Amino acid sequence: AQTVTQSQPEMSVQEAETVTLSCTYDTSENNYYLFWYKQPPSRQMILVIRQEAYKQQNATENRFSVNFQKAAKSFSLKISDSQLGDTAMYFCAFVNMNYGGSQGNLIFGKGTKLSVKP
Amino acid sequence: DGGITQSPKYLFRKEGQNVTLSCEQNLNHDAMYWYRQDPGQGLRLIYYSQIVNDFQKGDIAEGYSVSREKKESFPLTVTSAQKNPTAFYLCATARSGTGRANYGYTFGSGTRLTVV
């Protein structure tokens, strides 16, 4: 069974600073994707960034980038130039793309609550 | 605009009652999912459906039931057998195959269920 672990329940960062959120996962599969989702106070889930396991290059989306360490099964999210609107819960998620019972099911970590302070 | 509609936004249930949460999508996505969110627990999978007329139990299916009679609709019934139903419920959809990874999953705005 796959598991996703986020070891930081809460974090805070000053506006314009950089913050890194940690995520580790456990799987025996070799074909999978990883995601970071943001859930602001509105509770709408928003996709921030995704990474394919076969790609060595770390994904980047504007101020958001990941550090994907496949051997270590680590997938951290770096937010640069933090903005007040980045205040939200952040969830790391995993999906197995190999054929099988769990194929296609998003598995989430417990989340990290990020507060950006002015 | 294409999207997912969850209704109602807030729902109150009395002890012993069954209630049904609605999830409708016009994205033409094959797969649909129900997640439960509790504080400090992340999102946990209740039921999922990869295709019409077929669905599978997730990690916490006890006390819940679903149906998938149409591609667009995946209602979730919270039965009286669910002992602690107060939670936030999220419906999600995804394309089939590699599409779900390439385009991600789309989430509804959720239903807050409270037992009174």
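A quick yes/no check of all residues on (1) within 14 Å of chain B (Cβ to nearest Cβ); (2) buried (at least 21 other Cβ atoms within 10 Å of the Cβ); (3) within 24 Å of B:Tyr33 (Cβ to Cβ); (4) polar (S, T, N, Q):
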{"position": "A:Ser12", "(1), (2), (3), (4)": "no, no, no, yes"}
{"position": "A:Tyr37", "(1), (2), (3), (4)": "yes, yes, yes, no"}
{"position": "A:Arg63", "(1), (2), (3), (4)": "no, no, no, no"}
{"position": "A:Gln83", "(1), (2), (3), (4)": "no, no, no, yes"}
{"position": "A:Cys92", "(1), (2), (3), (4)": "yes, yes, yes, no"}
{"position": "A:Asn96", "(1), (2), (3), (4)": "yes, yes, yes, yes"}
{"position": "A:Gly109", "(1), (2), (3), (4)": "yes, yes, yes, no"}
{"position": "A:Ser115", "(1), (2), (3), (4)": "no, no, no, yes"}
If you take the residues of region A:16-35 that are more than 9 Å from chain B (Cβ to nearest Cβ) and open to solvent by less than 30 Å² (accessible area, probe 1.4 Å), which of them is modelled with the lowest pLDDT?
A:Thr27
Among what's in region B:8-60 and is small (Gly, Ala, Ser) and surrounded by 13 or more Cβ atoms within 10 Å (Cβ to Cβ), pick the residue that is modelled with the lowest pLDDT.
B:Gly42
Condition first: part of a loop (DSSP other than H, G, I, E, B) and under 16 Å from A:Tyr25 (Cβ atoms). Now tell me which residues in region A:60-102 satisfy that.
A:Lys70, A:Ala71, A:Ala72, A:Lys73, A:Met97, A:Asn98, A:Ser102
Out of B:Val52, B:Val78, B:Val116, B:Val19, which single residue is free of Cβ contacts under 8 Å to residues at least 24 places away in the same chain and either more than 10 Å from every other protein chain (Cβ to nearest Cβ) or touching a Pro at 6+ places or on another chain (Cβ under 9 Å) (or both)?
B:Val52
Considering B:Ile60, B:Ile51, which residue is out of contact with any Phe, Trp or Tyr (no Cβ under 6 Å at 6 or more places or on another chain) and farther than 16 Å from A:Phe108 by Cα?
B:Ile51
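The values are calculated or read from the model by the stated rules, or taken from the named source; none is laboratory data. Everything quoted here is computed from the prediction, not taken from an experiment. Reconstructed Cβ throughout: ideal geometry from the backbone, glycine too, with neighbour counts over all protein chains shown. Just so you know, the surface numbers come from the protein's heavy atoms only, side chains and all, with ligands and any DNA or RNA stripped out. Shrake-Rupley method; radii C 1.70, N 1.55, O 1.52, S 1.80 Å.
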